[in-house]
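S.K.: Have a look at this one.
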Amino acid sequence: MPERWDIVLRSACALPRNFVVERRLEGFIANAQRPHLQVAEMDAAGAIVDAFVPCQLDRDAGGARAVFLLAEATATASARYFCIQLADIKPPGDELIELRQGVLHQEQESYQISTPGATYFYHERGAGFASLIDRDGNDWISYRPFGGSDGAYRGIPNLAHPENYFHPGGTGCRSRILNAGPLKITIASESVDGQWACRWEVYPTQARLTVLKVGHPYWFLYEGTPGGALDEAGDYCVTSDGRRRALSERWEGALPQPEWIYFGAPNADRVLYLAHHESDQLMDSYWPMEGNMTVFGFGRDGLTKFMTETPARFTIGFAETKEFAAVRELIGAVTQPVSISEASR
């Protein structure tokens with residue numbers, strides 16, 4: 001069994017600070033005696049740049065993955081070199097993610113995941129996010145267990161209607177933690193009838209959903225409260241072609257490619273972005289509901305759902321800027337694959 005992997009990382013776009021990357025460890029044996037990883041960054045000549053890169057070891061049925069942090073920004077088209085080794089002792093490093101389980105939030109046991117940029121509350125039986133709280137304490141979802149658009153309709157991703165699967169407040173799913181470490185939390189959720197399954201991976205700066213199994217066409221929704229409360233006149237959304245709309249404006253149509261959108265509020269110095277990784281020409285839509293919440297959907301027109309593809313991936317997160325070019329660059333970083341290959345010296 002190999003105990004060392006030398007790799008080189010290249011990215012087609014700039015990567016921000018505190019960006020997490022992953023590498024499957026080919027040849028890893030599940031019952032490996034050494035339980036930890038040590039990741040070191042090298043220069044092109046093989047000299048050590050950083051002996052202790054923050055990292056974690058994620059195990060799954062297929063083997064294991066090295067998860068490690070790029071604490072400093074990575075320039076476009078640059079190469080970075082790393083050595084990954086099995087270790088007996090957990091290396092030093094800060095924990096950028098904290099997981100609390102069994103937290104009662106809005107009347108349901110939840111996972112509370114705290115990161116440098118956001119705090120997430122994920123309902124275990126609902127299998128959806130009930131709250132997404134920014135650094136200033138504003139909840140951009142604001143699910144409540146009562147009413148409609150003023151509470152119970154809200155959530156992310158609200159995939160399955162009318163079953164209410166993957167929707168906060170629902171009771172038709174079960175969830176479990178697959179891996180938890182200082183850089184990444186992985187949640188697996190499935191419907192109790194076995195027809196639906198998904199996986200969330202939460203990182204220091206974003207969260208990614210992979211839809212694994214569906215029982216019928218679905219949508220991905222953001223039903224929530226930009227900046228803490230919907231302000232139809234002041235709040236806005238922006239799509240990848242740079243078009244900006246007030247949230248008082250209703251619209252339907254396939255989003256331009258690449259398929260992403262972000263929401264902003266005049267009281268917030270950040271925006272919330274939602275990106276669909278796979279390209280399509282399916283209908284997307286937005287409207288404000290009763291002055292209480294956004295109704296945005298990938299693959300939605302009214303109550304018609306258009307999405308059927310699995311696996312399908314979506315990423316959400318805060319960009320700590322309102323400047324279009326900077327948000328576009330960040331979304332490109334979290335949606336475009338990073339090239340990691342064996343290093344040859």
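S.K.: Stretched out fully, how many nm does the piece from residue 71 to residue 309 gain, at 0.36 nm a residue minus the Cα gap?
M.R.: Contour length minus Cα-Cα distance gives 82.3 nm.
S.K.: Heavy-atom accessible area per residue, the chain, 1.4 Å probe: how many Å²?
M.R.: The answer is 41 Å² per residue.
S.K.: Grab the eigenvalues of the alpha-carbon gyration tensor for segment 302-344, scale each by 5, take roots, and send me the semi-axes largest first in whole angstrom.
M.R.: 27, 22, 7
S.K.: So what does residue 136 come to for accessible area, using a 1.4 Å probe and Å² rounded to 10?
M.R.: Using a 1.4 Å probe on the heavy atoms, I get roughly 100 Å².
S.K.: Distance between the C-alpha centers of segment 83-99 and segment 230-307? Whole Å please.
M.R.: Segment 83-99 and segment 230-307 have Cα centres separated by 38 Å.
S.K.: Need one number: the % of Cα-Cα pairs in segment 255-327 sitting beyond the 15 Å mark.
M.R.: Value for segment 255-327 (Cα pairs over 15 Å): 61 percent.
S.K.: A further question on this structure: What is the pair-distance distribution P(r) of segment 136-286, computed from all Cα-Cα distances in 5 Å bins starting at 0, with each bin given as a whole percent?
M.R.: 2, 8, 16, 19, 21, 19, 11, 4, 1
S.K.: Tabulate in residue order the Karplus-calculated ³J(HN,Hα) for segment 320-333, using 6.51 cos²θ - 1.76 cosθ + 1.60 with θ = phi - 60°, rounded to whole Hz; enter x for Gly and Pro.
M.R.: Karplus values, whole Hz, x for Gly and Pro: 7, 6, 10, 7, 4, 4, 5, 5, 4, 5, 5, 5, x, 5.
S.K.: Right, another one. With the cut-off at 18 Å, report for segment 1-148 the share of all Cα pairs above it, as a whole percent.
M.R.: 66
S.K.: Placing one identical point scatterer on every Cα of segment 112-173 and ignoring solvent, what is log10 I(q)/I(0) from the Debye formula at q = 0.12, 0.28, 0.30 Å⁻¹?
M.R.: Summing over Cα pairs of segment 112-173 leads to -0.27, -1.12, -1.21.
S.K.: Multiply the residue separation of residue 61 and residue 12 by 0.36 nm, subtract the distance between their alpha-carbon atoms, and state the gained length in nm to one decimal.
M.R.: 14.6 nm
S.K.: Counting only protein heavy atoms and a 1.4 Å probe, tell me what percentage of the chain's accessible area is made up of carbon and sulfur.
M.R.: So the carbon and sulfur contribution to the accessible surface is 47 percent.
S.K.: Work out the charge dipole of the chain with +1 on the Cβ of Lys and Arg and -1 on the Cβ of Asp and Glu about the Cα centre, then indicate which of 261, 153, 12 is farthest towards its positive end.
M.R.: Ranked along the dipole, the leading option is 12.
S.K.: Under 5 Å between amide hydrogens, which residues at least 5 positions from residue 154 or on another chain qualify, with H placed 1.01 Å from N in the peptide plane?
M.R.: Those lying under 5 Å, H to H, from residue 154 are 144.
S.K.: Keeping all protein chains in position, work out how much accessible area residue 70 exposes to a 1.4 Å probe, and write it in Å² to the nearest 10.
M.R.: The value for residue 70 is about 0 Å².
S.K.: Another question about this same structure. Could you give the length gained by full extension between residue 250 and residue 94, i.e. 0.36 nm per residue of separation minus their alpha carbon distance, to one decimal place?
M.R.: 51.7 nm
S.K.: I'm checking a number: the convex hull volume of the Cα atoms of segment 69-185, normalised per residue, in Å³. What is it?
M.R.: Spread over its residues, the Cα hull of segment 69-185 gives 164 Å³ apiece.
S.K.: A further question on this structure: Sequence-distant or interchain residues sharing an amide H contact under 5 Å with residue 307, placed H: which?
M.R.: Result for residue 307 returns 218.
S.K.: Using θ = phi - 60° and the Karplus form 6.51 cos²θ - 1.76 cosθ + 1.60, what ³J(HN,Hα) does each residue of segment 137-142 get, whole Hz, x for Gly and Pro?
M.R.: 3J(HN,Hα) across segment 137-142, in whole Hz: x, 8, 9, 8, 10, 6.
S.K.: Could you order the peptides 100-111, 191-202, 166-177 from most to least packed, using the average number of other C-beta atoms within 10 Å per residue?
M.R.: Descending mean neighbour count gives 166-177, 191-202, 100-111.
S.K.: Among 212, 298, 246, flag the residue with its Cα farthest along the positive direction of the charge dipole of the chain, charges on Cβ as +1 for Lys/Arg and -1 for Asp/Glu.
M.R.: Among 212, 298, 246, the one farthest towards the positive end of the dipole of the chain is 212.
S.K.: How are the C-alpha pair distances of segment 62-128 spread across 10 Å bins, as whole percents from the shortest bin up?
M.R.: The calculated distribution, bin by bin, is 14, 30, 31, 20, 4.
S.K.: Can you give the translational diffusion coefficient of segment 206-331 in µm²/s, computed by Stokes-Einstein from the Kirkwood radius over Cα pairs at 10 °C and 1.306 mPa s?
M.R.: 108
S.K.: Turning to a different aspect of this structure: Along segment 113-118, what does the Karplus equation 6.51 cos²θ - 1.76 cosθ + 1.60 (θ = phi - 60°) give for ³J(HN,Hα), rounded to whole Hz, x for Gly and Pro?
M.R.: 10, 9, 10, x, x, 6
S.K.: For segment 22-84, treating each Cα as an identical point scatterer without solvent, what Debye log10 I(q)/I(0) comes out at q = 0.25 1/Å?
M.R.: Listed by q, the Debye log ratios stand at -1.11.
The values are calculated or read from the model by the stated rules, or taken from the named source; none is laboratory data. Predicted model, so just to flag it, every value in this text is computed and none were measured. When we count neighbours, we look across all protein chains shown, and the Cβ atoms used for this are built from the backbone with ideal geometry, even at glycine. To get the accessible areas, we keep the full protein, side chains included, count just its heavy atoms, and leave off ligands, DNA and RNA. Shrake-Rupley method; radii C 1.70, N 1.55, O 1.52, S 1.80 Å.
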